[in-house]
Amino acid sequence: MGPEELRAALAPALGPSLVGVEPFEGFAARVRFRREGATELFRAVHGLGNTHLSMVAGIDWVDHREVLYIVWSDAAKQYTLLSADLPADDPHIETASGVWPSANWHERETWELVDITFDHHPDLRHLLTPDGYEFRPLLRSFKIHEPEELEVKVRHV
Amino acid sequence: MAESPGAEKREESPILWVARPMATAARQFARSLWRPSTIVYPYERLEDPKFREKLEVKSGKPFGVGDIWDNYRGVHALNIETCISCNLCAFSCPDICIEMVTVAGGDPKHPKKCPEIDYGKCSFCGFCSDACPEGCLTMTTRYEITTPKRQEMVFSPERMYEIFRSKLPMNPIRLARPENEDQILLDPPLCIGCNACARDCPTQCITMLDIPKPEAKPGEKLPRRIWKEPVVNDSDCVRCGTCISVCPKECLFWGTRK
Amino acid sequence: MSASPSVRPAPVARSMTLPPESLRLEGELPMAGAAVPFVEIEALRAREFIPAAKEALGSLISNRSRETLIGPVFNWAGRNSLFPLHWGLACCAIEFAAAFGARWDAERFGVVARSSPRQCDLMIVNGTVTWKVAHKLITLYEQMPEPKWVIAMGNCATGGGPFRTAYSVVPGVDKLVPVDVYIAGCPPRPEALLDGILTLEKLIRERKE
Amino acid sequence: MSEMWINMGPQHPMTHGLWNLRVKIDGEVIVDVDPELGYLHRGIEKISEDRHYNEVVTLMDRTCYVAGLAWEHLYIIASEKALHIEPPERAEYLRVMCEEFQRLGSHIMWFSAFVVDIGLLTPLLYGMRDRDLVLDLFQSYTGARMTYEYMRVGGVRNDLPPGFTDRARTVLDWLMARFDEYDKLTLGSDIFHKRCDNLGILKANDCIAHGVTGPMLRSAGVKRDLRKDRPYAAYDRVEFDVAGADSADVTGRYLVRMEEMRQSVRILRQVLDWLDRNPGPVMARELPRWLGAPYAPVGREGYLLKRNYPKGVGFSSIEEPHGEAQAYIVNEGGEHPYRVKLKSPVFSNISAARQYLVGYRVADIPPIMGSVDVCIGESDR
């Protein structure tokens, strides 16, 4: 399914929240959408046979954040990339875990590492970092550095 | 898809459930009596070529790595005498475990610096020995570094020189390099002829050549500079970039000569 | 869950019954029966076991031979049956498993991996230690009975390795527990692990009480 | 009977790594599970943003320590697309050879760990013995047993040493005979079937909904294999069959993995023949100078930005031994990748644990989780 067919299939359901469908290397197409129409888009894309959600990723572009969904269609044997831009001061989007249950953990990870909140997520807890970890490591503002010198434990016998 | 061998035999005696795998295990056991798999480690070592030869015959299976053992990446060996202090090992280290420390033998103005490796950080990736232009930092097949003290995991250049002199087999693998390599190029208007690049070049491949001093036109002021320009001998250059980093005017840069 | 020793309840008073001195002759083994000392194991904490056992053994033999005998006996027994804790942290755990496989067979040295820390006297930290697992590592270490040793296997356990700049990694396990032997490698070969165990055995042999 | 939560992990013989399975039990029956990850979260995606493209390869080996070369391959494909570089054909075949040998090594390691979970302690030794032969082959051409640092952007580090292919064929013959022996030890006994049949069932629909891939999905009757469906490297030039089963249980996953190992041997024989016939360069001819070691001290920062190196996005998806692994790499023109996103198949396979564990008994957890083939290094990254 090429970009044009995908646009024709998605446009009626989404309307203005579909920003564009463009060709993209490695994918059938890249579908850019606004977060208002997220749930409709997920349902429509799922309805087109993209039953397998491979990955949810977040990218911090400093001035805004981007959330990516990569879905796979067993019939077409193709990946499709869905992406939405979110403002950096209020990054939130509707969860996809109602449509693809596999999104659950990917969204938890994206939330704790890139600080993108997923509304109505059933279980938005820390997954990789400890509970209560307040940093968001994959933001560009988080710098890594040489560890500070810590006290070395010696045996007291 | 292979049909499972046990599928049609479900109704057999439970003794066979145990006996059949045991028969396979017993065959293995019998074979292990004269063809053992175990290497009696402190006494037999795989890196010993004579032992490997014996093992191939004894075990009767494709044991070990055959005659290819020298590729193993173990502790580094450093030939201090040929080290040119070009810093490339430290710059290519992804784990930032190499520090250049001063060793004896340099002249007082330009102390000789050789790598010191912290094996508490080194991941034995071999990037440093790939980068070494002189082949003086190589990896040996020695893998045992065991110590009760953390400080002893930091190997000084002298200690790695001792390993070099102990004639351990060296890793012969070299990186497959791309054919096009950039060169050191000069931006002539910026150069002030200060000799810093030629002075610090570890391979002495930069020579300062005289350039003609132009005639000053009336009303124009000539720049204050020494009328010399560096010329890089490409065949001797190891592409370490020291000249670029010491240049005060940033007039040297990487590029390809058309 | 809490691993900090300060949160623990105060240690239970060790109760130990020894036969009165009047019943024993100097240099003579006590009679079987009522005179044999017994130790209430359940009242002992792990680190108190060794002094208690020594006292019990010492009551069996003379004062003079106690100094010269018990230390070497304990060291001999300890170094020939090092039981490492069976847990896999990261890459080095696979080489740890390979050392117990057919080719290197670490059980030749009396090294048998056990799954419960209560049965172990050697912790081989085989991989990257993150801050999330740090307090669990300390708990496991404290659950091991004395005397106990720690081997930092590979450069992640030694100094954080390639991950030491990461936000989640402990730069070396010696920041958490005292380490006896460091093994370099990423990961170390199984032979290097065996060499580390032999080094540790040498250390135990020279250990003084 | 009152229900209670118990922790299995982080230090537990079942886990094969460092994770915690919180199980809610009612007597012996599992009512609910809650896997807890992150005990091995090393921030690989973050460290990668601070390294050169080639230096990230050292991290990829450690991401999945039983399938290091497969993850190197995943990363290298994505970064080559992001940097607009074409590898030579021989390098592609070498990478296929690496990945298939890695599949053998990983599956044999899985076999060794899995048989212990169902109580067979002897095949563990056989598995470890045979895996060492594969590692010996790796050592002879990469220089390390587990962390190889073999692939580079634009090719591979070095060509094969002389005599390698003959030695590799000998090892393959030896391994093929051993696979039959493994089957005799496990499938030959009814105890295995009584223990593993109809256990941990995850049907195809649930697999797809919860993102489960790899041998778990193929054992449920869905023959999705990215090597066939979306060929990368030289996989469109070799012949093999996709292994599959219909039972969707622990036995099915065992059968799929054993068949995959045999298919790997079949691929490897073709690839080794090709490598014998076609010598050639293993590194791309035209490569930006900053990609080949050594790196210049000046120009570590901003060198490429000055030269307007083209930006790009690289995406790769490969059939790793555990399932579908993906990398998404953003090249913003700098010398470090702007963002490296890795998707691990084990991450998704564990996240569906509630679907295949609830309803079984506590004693069934080790075989079921063993059949999932957990590698925590890649799921936590």
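The values are calculated or read from the model by the stated rules, or taken from the named source; none is laboratory data. Remember, predicted model here, so these are calculated numbers, not experimental data. Cβ coordinates were reconstructed from backbone atoms using ideal geometry, including for glycine residues, and neighbour counts include every protein chain displayed. Please note that ligands, DNA and RNA were not included when accessible areas were found on the heavy atoms of the full protein model with its side chains. Shrake-Rupley method; radii C 1.70, N 1.55, O 1.52, S 1.80 Å.
Annotation for the C:B interface, with buried accessible surface near 2300 Å², both sides summed [1.4 Å probe; non-protein components not counted]. Per residue, the accessible area of chain D comes to 26 Å² when a 1.4 Å probe rolls over the protein heavy atoms.
Which helices, counted as full DSSP H runs in chain B, have an axial Cα extent of no less than 18 Å and a Kyte-Doolittle average of -1.0 or above? Present the calculation step by step, with values, prior to reporting the outcome.
Details: long enough: B:14-34 (32 Å, 0.31).
Helices meeting the criterion: B:14-34.
Each of C:G159, A:H106, B:V18 was scored by the projection of its Cα onto the charge dipole of the protein assembly as shown, and the greatest displacement toward the positive side belongs to C:G159; charges sit on the C-beta of Lys, Arg, Asp and Glu.
Could you state the orientation-averaged shadow area of the convex hull built on the Cα atoms of the protein assembly as shown, in nm² to one decimal? Seen from a random direction, the Cα hull of the protein assembly as shown projects 50.9 nm² on average. In this calculation the C-beta distance from A:D123 to B:E250 is compared with R0 = 56 Å, giving a FRET efficiency of 0.55. Interface size, chains A and D: roughly 3500 Å² of accessible area buried, both sides included, 1.4 Å probe, rounded to the nearest 100. For chain D, lysine pairs with C-alpha atoms less than 27 angstrom apart, excluding pairs fewer than eight positions apart on the same chain, total 26.
Take each residue in B:84-95, count the other chain C-beta atoms within 10 Å of its C-beta, and the mean is 4.
Along the positive direction of the dipole of the stretch D:3-380 (beta-carbon charges: Lys, Arg +1; Asp, Glu -1; about the Cα centre), which of D:T142, D:I6, D:Q263 reaches farthest? Positive-most Cα among the choices belongs to D:T142. Annotation: the antiparallel percentage among DSSP beta bridges lying fully within the stretch A:3-119 is about 75.
Remark: mean inter-chain Cβ contacts per residue of D:54-60 equal 4, using a 10 Å Cβ-Cβ cutoff to other protein chain atoms. Averaged across the residues of D:5-12, what count of C-beta atoms belonging to other chains lies within 10 Å of each residue's C-beta? If you average over the peptide's residues, the count of other-chain Cβ atoms is 3. Please work out, to two decimal places, the log10 of the ratio I(q)/I(0) at q = 0.09, 0.17 Å⁻¹ from a Debye calculation in which every Cα of chain B carries one identical scatterer. Log10 of I(q)/I(0), two decimals: -0.64, -1.28.
Could you give the dipole magnitude of chain D about its Cα centre, charging the beta-carbon of Lys and Arg +1 and that of Asp and Glu -1, in debye to the nearest 20?
On the way: 47 positive and 54 negative charges, 167 e Å.
Dipole size: approximately 800 debye.
A:D89 contributes an accessible area of around 140 Å² to the protein surface, as traced by a 1.4 Å probe with all chains present.
Let me know the charge dipole size of chain B about its Cα centre in debye, to the nearest 20, where only the beta-carbon of Lys, Arg (+1) and Asp, Glu (-1) is charged.
Here the size comes out at about 300 debye.
Between D:H84 and D:A363, full extension at 0.36 nm per residue minus the direct alpha carbon distance yields a gain of 95.3 nm. Taking GluC sites (Glu not before Pro) across the stretch A:80-152, the ones in a DSSP loop with at most 14 further Cβ atoms lying within 10 angstrom of their Cβ are A:E134, A:E148, A:E149, A:E151.
Considering only D:K46, D:K223, D:K343, the Gaussian network model of chain D with Cα springs below 10 Å gives its largest mean-square fluctuation to D:K46. Summing Lys and Arg as +1 and Asp and Glu as -1 over all other residues whose Cβ lies under 9 Å from the Cβ of D:L199 gives a net charge of -2.
In the elastic network of chain B, a GNM with C-alpha springs shorter than 10 Å, the most mobile of B:A25, B:A90, B:A77 is B:A25. Helix A:103-114 and the longest principal axis of the C-alpha atoms of chain A enclose an angle of approximately 50°. Scaling against 2.2 N^0.38 Å puts the C-alpha radius of gyration of the stretch D:166-295 at 1.38.
Determine which residues of the stretch B:80-102 fall in the zone a paramagnetic label at A:V152 would reach in this model, i.e. backbone nitrogen under 18 Å from the point 7 Å along Cα→Cβ. Output list for this probe position: B:97-99.
Shape verdict for the stretch A:3-119, please, from the Cα gyration tensor: rounded (a/c under 1.5), prolate (a/b greater than b/c) or oblate.
prolate
Electrostatic tally near B:I39: other residues with Cβ closer than 9 Å to its Cβ, Lys and Arg +1, Asp and Glu -1, net -1. Computed from the C-beta positions of B:F51 and B:E215 and an R0 of 60 Å, the FRET efficiency is 0.15 to the nearest 0.05. Sorting the Cα pairs of the stretch C:91-205 by distance into bins of 10 Å, from 0 upward, gives 15, 47, 34, 5 percent per bin. Here's how it looks for C:V169: its modeled amide H is under 5 Å from those of C:W131, which are all 5 or more places away or on a different chain.
For chains D and C, what's the summed buried accessible area, probe 1.4 Å, to the nearest 100 square angstrom?
2900 Å²
A simple count of charges around D:I77, restricted to other residues whose Cβ falls under 15 Å of its Cβ and scoring Lys, Arg +1 and Asp, Glu -1, yields -4. Calculated mean residue ellipticity at 222 nm for chain D: -14500 deg cm²/dmol, from DSSP H runs with n ≥ 4 weighted as -39500 (n - 2.57), summed, divided by the residue count and rounded to 500.
GNM on chain B, alpha-carbon springs under 10 angstrom: the most fluctuating residue among B:S166, B:S13, B:S129 is B:S13. Accessible area per residue for the stretch C:91-205, computed on protein heavy atoms with a 1.4 Å probe, is 21 Å². Within the accessible surface of the stretch A:3-119, defined with a 1.4 Å probe on protein heavy atoms only, the carbon and sulfur portion equals 51 percent. Along the axis of the charge dipole computed for the protein assembly as shown (Cβ charges of +1 for Lys and Arg, -1 for Asp and Glu, origin at the Cα centre), the listed residues B:G120, D:G314, D:L83 are led at the positive end by B:G120. Centroid-to-centroid, using Cα positions, the stretch D:143-211 and the stretch D:89-120 are 3 Å apart. Its Cα gyration tensor gives chain D an equivalent ellipsoid. The semi-axes, each the square root of 5 times an eigenvalue, are 37, 25, 17 Å from largest down.
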